[in-house]
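Take a look at the structure set out below.
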Amino acid sequence: MSIVQEVNLPVLDELIEGLPNISGWEDAVQTVTNKTDPVFLPRTNIALESIRSAFAIALHMHQPTIPAGWDGALINNLQYMFEHPQEGDNHNAGAFAWCYARMADFIPELVEQGYRPRVMLDYSGNLLWGLRQMGRGGVLDNLKRITCDPTYQPYVEWLGTMWGHAVVPSTPIPDIKLHIQAWQHHFAAIFGWDALARVKGFSLPEMHLPNHPDTLYELVKALKECGYRWMLVQEHTVETLNGEALGYKHIPHQLLARNSKGEMLSITVLIKTQGSDTKLVGQMQPYYEAKSQQSQPVLGNVLVPPLVTQISDGENGGVMMNEFPSAFKAAWYDQKQQSDVVGMTGTEYLELLAAAGVQSEDYPVCLPVGQSQLWQRVPPENCTPEAVANAIAAIQQTNPNFHMEGASWTNHMSWVQGYENVLAPMTQLSAQFHKKLDPLLQNSFGHSVPITRTSAYRRALLYNLVLQTSCFRYWGQGLWTDYAQKIFQQGLNSTLAI
């Protein structure tokens, strides 16, 4: 029985007065996402005991929302690329659009030929909205086939993410959960409640894992409250409890989150290994690495097959645009002859381990990079915000490279230093948003229409989330920081008008 039939959920509109559906049905979203039924286990065609290794690939898709439409209206950058093909690499707009849709062709083709492909998909909310907004909703409609059709759905896993592609360490803490919930709302409106109930893994924008204790704790708390079971992290963003690099990386780990009050949570993580991301995925390196792996570690009483995991941009660069399609298909042609090396999705792998008797407490424990130094100075029995702040300051005195900005797959750059002209407006708009709307939320009990279902709230929320998009820092000073200033002013006007 479907989720909708089981609990009589409403059918959501994808767009409401031209805006993406990113709020208003929080109770329904929570009901759906917190269901604990197995997702892939009932239909998987893989027997854990018959394999020696596995591999998983994820494709990350994103285009930012920018104030470049008529009179500064918000449009998607892909639309701008189509409208200005002479600028930069905008001539690739058509190729990008094809990349966003092509899995809807590849998966059915391979399945119908008797192969067993797997892929995980991570699309930002900016892109999901932009495709429909610019009249390319056919991409989304095609993706519904592999998302919702029982014939193809077992081969595809969607990963949740931050709606506005915000890097978590520098996102205002009250907005972390808003991004997560906004993406869930929007995804359910496009693909349906049953599809949302199957989204159990989370992909961090820019793979940017926070290492400040309070930010990490709030992230993990929000993920668990929103029904997520695991998260994808990059190997050099985490460390052992002793501060060392991880040992065996191709097995699940348990990420420990302790805040400055001493409260603790944990969440399962799968480790993406280092390397040239688009090249590794574009040439299907995870499969060929998996062929050289053997079942090694024993977790609980189970000999666990390793999972070689990689994620990369799904459209960016010549390798992904040109080499990936043939490499993806060739890997599955070859894999059919290598029956003990299989492709999986993350949730499928974890559910097979659980069915074999491996529990999350059997996984090795890890911390965000740098936290081991911190907790060596702050014992659990003396964990206070003041003690944590003092320990951070003391470590920075002796180690100038120590920071609490988190770590990502772009560690050659900072997401904070030099971007006060973006971060200050971000912080100011977020503060105004919560100052104006949090009291209304607290006093809305008993109202026939929740405040989060009003257009005024949705518009203010949209600007708040869009301003936090990483691209306004990733692309450097100039046009992109100017975009941020325009979004800030539009967002401030929308918030103050409520």
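Readers should treat all values here as calculations from the given coordinates under stated rules, not as data from a laboratory. On a predicted model such as this, the values are computed, not experimentally measured, just so you know. Every residue, glycine among them, receives a Cβ derived from its backbone with ideal geometry; neighbour counts consider all protein chains shown.
Points worth noting:
- Each label was represented as a point 7 Å from its Cα along the Cα-to-Cβ direction; for Gln254 and Gln428 these points are 4.6 nm apart.
- Summing charges over neighbours of Phe472, with a neighbour being any other residue whose Cβ is under 12 Å away from its Cβ, gives +1 when K and R count +1 and D and E count -1.
- The range 144-300: C-alpha gyration tensor shape, a/c 1.5 cut-off, then a/b vs b/c: oblate
- Nearest-0.05 FRET efficiency for Ala387 and Ile498, computed from C-beta distance (R0 35 Å): 0.30
- Computed per residue of the chain from DSSP H runs no shorter than four, each worth -39500 (n - 2.57), the mean residue ellipticity at 222 nm is -12500 deg cm²/dmol.
- Prolate/oblate/rounded label for the range 12-366 (Cα gyration tensor, a/c 1.5): oblate
- Across the chain, the longest piece that holds none of the chymotrypsin sites (Phe, Trp or Tyr not before Pro) lying in DSSP loops with up to 13 other C-beta atoms within 10 Å covers 1-247.
- Straightening the chain between Gln376 and Glu49 buys 113.7 nm, computed as 0.36 nm per residue apart minus the Cα-Cα spacing.
- Efficiency of FRET from Cβ geometry, Glu323 and Asn142, R₀ 22 Å, rounded to 0.05: 0.50
- Whole-number percent relative contact order across the range 187-345, with pairs defined as alpha carbons under 8 Å at least 6 apart: 18
- Computed on the range 79-208, with alpha-carbon pairs under 8 angstrom and 6+ residues apart, the relative contact order is 24 percent.
- Between the listed residues His236, Ala431, Trp375, the Cα displaced farthest toward the positive end of the dipole of the chain, a dipole computed from Cβ unit charges relative to the Cα centre, is found at Ala431.
- Candidate membrane-span-like segments in the chain, meaning DSSP H helices with Cα atoms spread over at least 27 Å of their own axis and a Kyte-Doolittle mean of -1.0 or above, are 173-191, 420-442, with no membrane implied.
- Each of Leu19 and Gln442 was given a label point 7 Å from its Cα along the Cα-to-Cβ line. The distance between the two points is 2.3 nm.
- Normalised contact order of the chain, rounded percent, pairs of Cα under 8 Å and 6 or more residues apart: 21
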